[in-house]
Amino acid sequence: MRKLYLIRHGRPDIPQGKRLCLGRTDIPLGPLGRMQACLLGQELAGRVSRVFSSPLSRAVQTAEGISREVTVLEGLTELSAGDWDGLDFAEIARRWPALYAARGENPNLPIPAAEDAVAGQQRFLDAVGEAMGASDGDIAVAAHISVNQLLLCPGLGISPYEARQLRLPYGSYCQLEFDDRGGFTVESVGRLPNLALTPELAEKLLLAAAPGERVMAHSRAVAKEALRIAGELPLALDKGLLESAALLHDIARSQPAHAMLGGQWLRELGYDRAAELVESHHDRESGSLDERAVLYIADKCIREDRRVRLIERFQGSASRCKDRDALEAHRRRYDAALALKEEINRMGGHEIIE
């Protein structure tokens, strides 16, 4: 028996809040998608002899998270979505209101000029047969939601028109087992990587997210500072969690509301505890002296990639406040940092934070 890991690519680089009808429109992975590809690579490390991919960049980049050597097969290209391909669903609803509403009741109604699902299914099955014939051992195939749903139908005993009921999140994989005659059974559907978040994995995810060299240098400095502060305190803090969250606290730095968005990304990756720290690193509500508090103050002790006094850090950032609301928020953060400084220094018995 041979295994085939059937992968849905990671999340494409679609602006927040937008929903696109994606077929053959070629959009690369965004930061979350690259982190999902990284996790797939870690999950499947050592399990596969070859990796195959659709030619679309979001699939190729996902495959490259698993192996540096990727074989592209044209037959794995996503179904064409015809006249709707690449359009925002809000625009589709405006231009085709009747059909859009009808597809809400019956998603199998055809899109104008779109590729037929039954014909597409045969194309996908042929491509998988080609991949199996060109390889030995277990393999991985990085493709798309429609490709994967239609490929699963024979093994699950459902028709192509029932395929849409299969839930396959971004960055998930299905496990298929093939017999010597080319038949297969479906062992799992829509499985997400399940890896413990360690500082080593957090560093890999930081590199995958690629927020920029300055942000990465800052994140590493904050992680070092967070560990220094935690080591001075007589508290049972989870230092592995603290370091991991510190490394990842600015993964969405270039986006609006970056703390909340970074936390959202980590929740989608399955790391809720780290997400809590990341979500609260920018603004702090009153609370206990825990990992969230240490990350908050560590971030405020680092300017760029060097440790500074709190007053220096906040004087430097005050100039970026453009209006009264921003200045008031800045003052709240500074007051929270001063209160934490006093509590940490008192608990540690000496000046841990300047």
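The values are calculated or read from the model by the stated rules, or taken from the named source; none is laboratory data. Computed from a predicted model, the values in this text were never measured in an experiment. FYI the Cβ positions are ideal-geometry reconstructions off the backbone, even for glycines, and counts take in every protein chain you see. Accessible surface is based on the protein model in full, side chains and every heavy atom, while ligands, DNA and RNA are left aside. Shrake-Rupley method; radii C 1.70, N 1.55, O 1.52, S 1.80 Å.
For this structure, a couple of remarks:
- Reciprocal of mean inverse Cα separation for the stretch 218-284 (Kirkwood radius, Å): 12.0
- Relative contact order, whole percent, for the stretch 156-232 stands at 20, derived from Cα pairs under 8 Å and 6 or more residues apart.
- Compared with the dominant Cα axis of the chain, that is its longest principal axis, helix 31-43 is turned about 70°.
- In the stretch 1-153, one over the average inverse separation of all distinct C-alpha pairs is 16.2 Å, which is the Kirkwood hydrodynamic radius.
- Computed from Cα atoms, the angle from the helix 117-133 axis to the main principal axis of the chain rounds to 80 degrees.
- Largest to smallest principal axis extent of the C-alpha atoms in the stretch 9-76, angstrom: 37, 25, 13
- Percentage relative contact order, the stretch 197-354, counting C-alpha pairs under 8 Å, at least six apart: 24
- Segment residue 18-residue 228, length gained on full extension (0.36 nm per residue, minus Cα span): 71.5 nm
- Of the GluC sites (Glu not before Pro) found in the stretch 23-125, those in coil by DSSP whose Cβ has at most 16 other Cβ atoms within 10 Å are 69.
- The alpha-carbon atoms of the chain define a convex hull whose volume equals 153 cubic angstrom per residue.
- Whole-number Å³ per residue for the convex hull built on Cα positions in the stretch 126-221: 147
- Over the chain, accessible surface divided per residue gives 47 Å², non-protein components excluded, 1.4 Å probe.
- Listed by chain and number, the lysines whose C-alpha is less than 16 Å from the C-alpha of residue 224, apart from same-chain residues fewer than 8 away, are 239, 300.
- Estimated [θ] at 222 nm from DSSP helical runs (n ≥ 4, -39500 (n - 2.57)) normalised by residues in the chain, nearest 500: -15000 deg cm²/dmol
- With the convex hull drawn around the C-alpha atoms of the stretch 190-246, the volume per residue stands at 77 Å³.
- Longest segment of the chain lacking trypsin sites (Lys or Arg not before Pro) that sit in a DSSP loop with at most 15 other Cβ atoms within 10 Å: 182-308
- For the stretch 66-118, alpha-carbon Rg relative to the globular expectation (2.2 N^0.38 Å, N residues): 1.50
- The modelled label-to-label distance between residue 188 and residue 156, using points 7 Å beyond Cα along the C-beta direction, is 1.6 nm.
- Cα pair distances in the stretch 233-354, grouped into 5 Å bins until the bin that holds the longest one, percent each: 2, 11, 20, 23, 22, 13, 6, 2, 0
- Charge dipole (Cα centre; +1 on Lys/Arg Cβ, -1 on Asp/Glu Cβ; no other charges) of the stretch 89-140 amounts to roughly 460 debye.
- Under 29 Å of direct C-alpha separation, and excluding same-chain neighbours fewer than eight residues apart, residue 18 reaches these lysines: 204, 322.
- Neighbour cut-off at most 14 other Cβ (10 Å), DSSP loop, GluC sites (Glu not before Pro), the stretch 216-315: 285, 304
- Relative contact order of the chain, defined on C-alpha pairs under 8 angstrom at six or more residues apart (%): 16
- Expressed as a whole percent, the accessible area of the chain that falls on carbon and sulfur atoms is 47 (1.4 Å probe).
- Fraction of antiparallel bridges per DSSP, the chain only, in percent to nearest 5: 60
- Loop-located chymotrypsin sites (Phe, Trp or Tyr not before Pro) in the stretch 156-202 whose Cβ has at most 12 other Cβ within 10 Å (DSSP): none
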